[in-house]
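Enquirer: Structure below; questions to follow.
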Amino acid sequence: MKLPYLILLFSLTVPSLVSADPASEKEATKLLDSMKMDSMLEQSMSQMLNLQIQQNPALGPYKAVMLEFLGKHMSYESLKDDLVKMYAEAFTAAELIKINEFYSTDVGQKAIEKMPELMTKGGMIGASRVQENLGELQDMIKAEAERLQAQK
């Protein structure tokens, strides 16, 4: 078995060595609530799905099915525990309190309000950049395929 497979196997079988303290989890929950993460995720999912359908109109008839799937597996309720843990492990309770203080300000609320739109626009910029340079990527993939074939 190669090293990357061992690392993957180890990471899947060994529980996280980092665990969040209850105070951090409490503040992380408060942060997610103040960030309106439930509506932010819903808006982001909808906007990204619309972007995907715009880029690939053949997906249009399946929009309702994809929304149902995303609602089941990517909704705030389905992700909340993992998100709380993620934030609680990344920040101390004291840091989360300061972050919560920021998001309770007018500027913090504006940042929350604008985040889904900015994420969508950023995704569009990235998709456009890839599309503009797709030929280069195809050439790179072809060259790498030829190099790998020559090694056999």
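Bear in mind that the values in this text are calculations on the coordinates, not laboratory data. Remember, it's a predicted structure, so these values are computed and weren't measured experimentally. Every residue, glycine as well, gets a Cβ built from its backbone with ideal geometry; the counts of neighbours run over all protein chains shown.
Enquirer: Given 0.36 nm per residue, what is the gain on full extension from Asp21 to Asn56 after removing their alpha carbon distance, in nm?
Expert: Taking Asp21 through Asn56 to full extension adds about 8.2 nm, to one decimal.
Enquirer: Between the range 56-73 and the range 77-109, what is the C-alpha centre distance in whole Å?
Expert: Taking the Cα centre of the range 77-109 as reference, the centre of the range 56-73 is 30 Å away.
Enquirer: Over the alpha-carbon set of the chain, divide Rg by the Kirkwood Rh and report the Rg/Rh ratio to two decimals.
Expert: Rounded to two decimals, Rg/Rh equals 1.08.
Enquirer: Any idea what angle helix 134-151 forms with the longest principal axis of the chain, computed on alpha-carbon atoms, 0 to 90 degrees, nearest 10?
Expert: Approximately 60 degrees, to the nearest 10.
Enquirer: Can I ask one more? How far, in degrees from 0 to 90, does helix 63-73 lean away from the longest principal axis of the Cα atoms of the chain, to the nearest 10?
Expert: 60
Enquirer: For every other residue with a beta carbon closer than 14 angstrom to the beta carbon of Lys98, add +1 if it is Lys or Arg and -1 if Asp or Glu, then tell me the sum.
Expert: -2
Enquirer: Please find, in a Gaussian network model of the chain (springs between Cα atoms separated by less than 10 Å), the residue of Asn133, Asn50, Asn100 whose mean-square fluctuation is greatest.
Expert: Fluctuation is largest for Asn133.
Enquirer: How do the peptides 40-46, 101-107, 27-33 rank, highest first, by the average count of neighbouring beta carbon atoms within 10 Å per residue?
Expert: Result, highest mean Cβ count within 10 Å first: 27-33, 40-46, 101-107.
Enquirer: In deg cm²/dmol, rounded to 500, what helix-only [θ] at 222 nm does the chain give when every DSSP H run of at least 4 residues adds -39500 (n - 2.57) and the total is split over its residues?
Expert: Calculated at 222 nm, the ellipticity per residue is -27000 deg cm²/dmol.
Enquirer: Hey, another quick one. Taking 8 Å as the Cα distance limit and 6 or more residues as the minimum spacing, I'd like the relative contact order of the range 19-120 as a percentage.
Expert: About 53 percent, as a whole number.
Enquirer: Per 0.36 nm of contour for each residue apart, how much would the distance between Met86 and Leu137 grow if the chain were fully extended, relative to their Cα-Cα spacing?
Expert: Using 0.36 nm per residue and subtracting the Cα-Cα distance, I get 15.0 nm.
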